[in-house]
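Worksheet: one structure, shown below.
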Amino acid sequence: MTRPNDKPIVLSLEQALSMPYGTLRFVHQGWRVIRMEPTPVPGRKTAGDPNRYIGRPVAGEDRHSYYVAPNVGKETLALNLKTEEGRELLKRLIHELPVDIFCTNTMPSRHKPLGIDYGTLSSVRKDLIWCSISAMGHARPDVPGYDPAMQALCGYMDLTGERNGEPMQCGPPIIDLKAGDEVFAQVLLALLNRERTGAGACIDISMAHAAASWLQTFTPMLEMGSPPEEIRRNGNRHRQFIPVAAYPTSDGFVYVAIGSDAQWARFIAHPMFASLNEERFRTNEGRRASQEDLHDLIGAVTVKGTSAAVGAALCETTVPHSPITPIEEVASLDFFQESALKTRTPDGREIQLPPPAVSVPHLNDLKGELPFPPSYGEHTSAVLAEVGIDAEETERLRETGIIA
């Protein structure tokens, strides 16, 4: 059971984005997260998580810009699980820290050889909550997982892009992030159940299942008679709700999302859009039947005004809308600034981070600042010392390649 008045301890053999993002959500709660990485591979120039070396160098050779945000506030150790001694050391850490939650996004076929499978680790601690992310779950243990490949497999690319253009992936790695959010949700449920029953849990998160779970409006519509052409990619336009699209202004674009006939009535009641008050447009089905005419007519109105003027008019109608914000300007938006997190590089530079999905009291206590991600293997000696391994033994483990 979790120690009274203590936050849970998470040990995670993680890399890339899906699991590091999932365990970041535990960091936001003030939990202790220790990320575990493999020892160096002979002949390979880089060590540990490959994402350490993606983007621009920020702090030394092993902390580049892509790596920073998902790994703030964590500790790190490097352990060779390809050796029997390394696997025994992992068991000792699980038992003596003690670890409440073990996470990994290593391919399932590698779990047993590395000694990280649920059966092995739960034999050390019966109430351990064990959680993995993989491409298609334990039922398909040899399938590698990569967000764009999952987007392709699960239909996302068929739903994204221009109507007559090539399939496209979504900008953010949404399946990685969805899987990480599932880690957070499922571990919390397992902790709740453990408080009630004392039982641990084996959580098997499949990126493919996570992706498919979001096809809420798509596959059922196909089952109920909608042709694929009515559902698949349509650029910035919504296939069902009309008008939902980007429209030109004299100095840019504005995105308009009218999702009901009541919103349409408010829209055409404004003087700027009164010319669109035609009988054929009064219902969504009518607007859908005449959508090409309607899109052209709306564009002819909006292009006469600036984005600010068109936005002001839409505000008066309370119709959902937005300018299309360049990605470099998103962090300057008021809501982002109000809840953004931050970290500091070792040389003192402040780095702004995305806000959490919801307000978290722990982050408020820290004034939104989390420690910069550690260098490769930075806390190895300190974590081993917690379980009684002295400096002499630590040096022996390092010399023999068990730790780094």
- [ ] Show the residues, 5+ positions off or on another chain, whose built amide H is closer than 5 Å to the amide H of ARG32.
- [x] VAL10
- [ ] Using Cα centres only, tell me the gap between segment 45-64 and segment 371-397 in whole Å.
- [x] 20
- [ ] Report Rg(Cα)/(2.2 N^0.38 Å) for segment 276-404, keeping two decimals.
- [x] 1.99
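How long is the gain from CYS315 to GLU378 if the chain were fully straight, where each residue apart is worth 0.36 nm and the alpha carbon distance is subtracted?
Stretched out fully, the CYS315 to GLU378 stretch lengthens by 17.5 nm.
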TODO: Counting other beta carbons within 10 Å of each Cβ, put CYS103, CYS170, CYS154 in order, fewest first.
DONE: CYS170, CYS154, CYS103
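List THR197, THR302 from most exposed to least, where exposure is judged by having the fewest other Cβ atoms within 10 Å.
Details: THR197 9, THR302 24.
The most exposed by this proxy come first: THR197, THR302.
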- [ ] Kindly provide log₁₀ I(q)/I(0) values, in the same order as q = 0.11 Å⁻¹, from the Debye equation applied to equal alpha-carbon scatterers of segment 244-324.
- [x] -0.24
TODO: State the answer as a single residue: which of SER250, GLY155, TYR376 lies farthest towards the positive end of the charge dipole of the chain, with beta carbon charges of +1 for Lys and Arg and -1 for Asp and Glu, about the Cα centre.
DONE: GLY155
Open item on the list: Run the Debye formula on the Cα coordinates of segment 165-231, all scatterers equal and no solvent, and tell me log10 I(q)/I(0) at q = 0.17, 0.23 1/Å.
Closed with: -0.78, -1.02
TODO: Sort HIS95, HIS111 so the one with the fewest other Cβ atoms within 10 Å of its own Cβ comes first.
DONE: HIS95, HIS111
Open item on the list: To test your reading of the geometry: what angle, between 0 and 90 degrees and rounded to tens, separates the Cα axis of helix 84-96 from the longest principal axis of the chain?
Closed with: 80
Open item on the list: Nearest 500 deg cm²/dmol is fine: what mean residue ellipticity at 222 nm does the chain get from its DSSP H runs of n ≥ 4 alone, each adding -39,500 (n - 2.57), divided by its residue count?
Closed with: -10000 deg cm²/dmol
Open item on the list: Beyond a 22 Å Cα-Cα separation, which of these cross-linked pairs lie in this structure: LYS7/LYS367; LYS82/LYS112; LYS178/LYS367?
Closed with: LYS178/LYS367
- [ ] Would you mind checking the radius of gyration and Dmax of the chain based on alpha-carbon positions, in Å?
- [x] 25.6, 85
- [ ] Enter the Cα centre distance for the pair segment 258-333 and segment 189-205, rounded to the nearest angstrom.
- [x] 48
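Read-outs: derived from the displayed coordinates by stated rules, not from any lab. Small disclaimer: the values here were computed from a predicted structure and weren't measured. As a convention, Cβ positions derive from the backbone with ideal geometry for all residues, glycine included, and neighbour counts pool all protein chains shown.
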